[in-house]
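Visitor: Input: one structure, supplied below.
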Amino acid sequence: MKLYALTKSLNSRKVLALIHHLDLPVEIHAMTVEQVQSDAYAATNPNRLAPTLVDGDFVLWESNAIGVYLAEGSAMLPIGRRERADMARWLLWEGVHYNKALGTIFFESVVRPQLGWGETNQPLVDDALVQAARLLPVLDAHLATRAFMLGDMLSFADLAIASAEPYRDAMPIDFDAYPNVQRFYDTIALLPAWQKALGTPRMAVAA
Ligand SMILES: N[C@@H](CCC(=O)N[C@@H](CS)C(=O)NCC(=O)O)C(=O)O
């Protein structure tokens, strides 16, 4: 299997961490943004986004779908019907709402200025901050009574929800207002597979 990844990006990180955590035999192809946007790559992923998994003649994009596929048969994917539905709930929440808000804030207020890709789109950031202020209390309340997203055991949902963790100090969000989220992020940050996925160094960020 091969994973085409932007290794420092939020959506590739959750899959890379899963690969390392399960020690899966996946070749990691680190790409540049230019490669991701190229016509050659569009033949593999027509969205021109990373990550993409290639397993023989099966091509899969969307990081959460890739995570579910790779976690099959492991403790990172629950077996029961309700537990699987619970995981699907949080993966959809992450992709549609949470990561959209945090990803926008991260990209506009950290990546864009650092790479010199034009001015921060402040109205976009402001809207994403409104969304984040609505979503973070939901996550904080959920984590008040459980160690991980699905309860006591680590799952792929945790790696997905934590994907912006390394940049929490660089984003204009007061994460200290969400102590359960902070505690959860601190736990994920210590996982060896998470640290391996981050590589060295993390993208340098001006706090
Ligand atoms: N929903 C997609 C989002 C993928 C995505 O937005 N990838 C970003 C990096 S996090 C990307 O490839 N950006 C390159 C670009 O926009 O040119 C997933 O979860 O895989």
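The values are calculated or read from the model by the stated rules, or taken from the named source; none is laboratory data. Computed from a prediction, not measured in an experiment: that's the story for all the values here. Counting neighbours? That spans all protein chains shown, and the Cβs are built from the backbone with ideal geometry, glycine included.
Visitor: Filter region 1-21 for residues that are more than 13 Å from the ligand (Cβ to nearest atom) and either among the small types (Gly, Ala, Ser) or farther than 15 Å from Ser155 by Cα (or both) and give the result.
Guide: Met1, Lys2, Ala17
Residue-by-condition table, conditions (1) acidic (Asp, Glu); (2) free of Cβ contacts under 8 Å to residues at least 12 places away in the same chain; (3) in contact with a Leu (Cβ under 7 Å, 6 or more places away or on another chain):
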{"position": "Ser9", "(1), (2), (3)": "no, no, no"}
{"position": "Ile28", "(1), (2), (3)": "no, no, yes"}
{"position": "Pro46", "(1), (2), (3)": "no, yes, no"}
{"position": "Gly67", "(1), (2), (3)": "no, no, yes"}
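Visitor: Tell me, please, whether a residue that is among the charged types (D, E, K, R) and within 11 Å of the ligand (Cβ to nearest atom) can be found in region 48-56. Quick ask: steps written out before the conclusion?
Guide: Residues of region 48-56 that are among the charged types (D, E, K, R), as a first pass: 48, 55.
With within 11 Å of the ligand (Cβ to nearest atom) added as a condition, the list becomes 48.
The answer is yes, given that some residue of region 48-56 is among the charged types (D, E, K, R) and within 11 Å of the ligand (Cβ to nearest atom).
Visitor: Here's a follow-up. Residue check, Ser155 against (1) hydroxyl-bearing (Ser, Thr, Tyr); (2) buried (at least 16 other Cβ atoms within 10 Å of the Cβ); (3) over 15 Å from the mean Cα position of the chain (by Cα), all met but one. Which one?
Guide: (3)
Visitor: Would you be able to tell me the number of residues in region 114-147 that are more than 18 Å from Gly95 (Cα to Cα) and not aliphatic (A, V, I, L, M)?
Guide: Selection size over region 114-147: 12.
Visitor: Could you please find all residues in region 137-157 being touching a residue at least 60 places away in the same chain (Cβ under 8 Å) and either polar (S, T, N, Q) or part of a helix (DSSP H, G or I) (or both)?
Guide: Ser155, Phe156, Ala157
Visitor: Evaluate region 62-80: report whether one residue or more is within 10 Å of the ligand (Cβ to nearest atom), in the same structural domain as Phe175 (by TED's automatic domain parsing) and within 29 Å of Asp169 (Cα to Cα).
Guide: So far as region 62-80 goes, no, none of its residues is within 10 Å of the ligand (Cβ to nearest atom), in the same structural domain as Phe175 (by TED's automatic domain parsing) and within 29 Å of Asp169 (Cα to Cα).
Visitor: Then there is this: For Arg112, work out the one condition from (1) exposed (fewer than 14 other Cβ atoms within 10 Å of the Cβ); (2) away from the ligand (no atom under 11 Å from the Cβ); (3) charged (D, E, K, R) it doesn't fulfil.
Guide: Going through (1) exposed (fewer than 14 other Cβ atoms within 10 Å of the Cβ); (2) away from the ligand (no atom under 11 Å from the Cβ); (3) charged (D, E, K, R) one by one, Arg112 breaks only (1).
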